[in-house]
Amino acid sequence: MISNKHKILDAILEQGMLPLFYQDSESGSVEILRTLYKAGVRVFEYTNRGKSALPNFKKLKEIRDAEMPDLYLGIGTIKTPLMQMHL
């Protein structure tokens, strides 16, 4: 059985990139996620570097769960236990 780690690594190699980004706008973040997904991206990292990162990431997770079941969505740079609790 292939682990999720191997599936994610294989998907990154197949898509040839690992998109990383942050944007303050929730709607802009969702639009970028949908656009990348339509282009075939199945692994995506939302960078945790702004005040809207956690609420936007929660929205991206909702969209992923509703529309993109085969998408691996990560958030970068979890620095404190409090941040982890909010995910």
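Of note:
- The largest accessible area among S29, S52, S3 belongs to the first residue in S3, S52, S29, and the rest follow in falling order (1.4 Å probe, all chains).
- The chain, accessible area per residue, ligands and nucleic acids excluded (1.4 Å, Å²): 66 Å²
- Debye intensity ratio I(q)/I(0), log10, the chain, q values 0.20 Å⁻¹ (C-alpha model): -0.95
- Cβ-placed point charges (K, R +1; D, E -1), dipole of the chain about Cα centre in debye, nearest 20: 240 debye
- Rounded accessible area of D10 (nearest 10 Å², 1.4 Å probe): 90 Å²
- Amide N of the range 17-52 lying under 12 Å from the label point, which is placed 7 angstrom from the Cα of K59 along Cα→Cβ: 23-33, 52
- Apportionment of accessible area to carbon and sulfur, the chain, percent (1.4 Å): 56 percent
- Here the range 28-46 is scanned for amide nitrogen atoms under 16 Å from the site 7 Å beyond the Cα of S52 along Cα-to-Cβ, giving 28-34, 46.
The values are calculated or read from the model by the stated rules, or taken from the named source; none is laboratory data. Note that the coordinates shown come from a computational prediction; the quantities given were computed from them, not determined experimentally. All Cβ positions, even for glycine, are placed from backbone atoms using ideal geometry, and neighbour counts span all protein chains on display. These area figures cover heavy atoms from the full protein model, side chains too; ligands, DNA and RNA do not enter into them. Shrake-Rupley method; radii C 1.70, N 1.55, O 1.52, S 1.80 Å.
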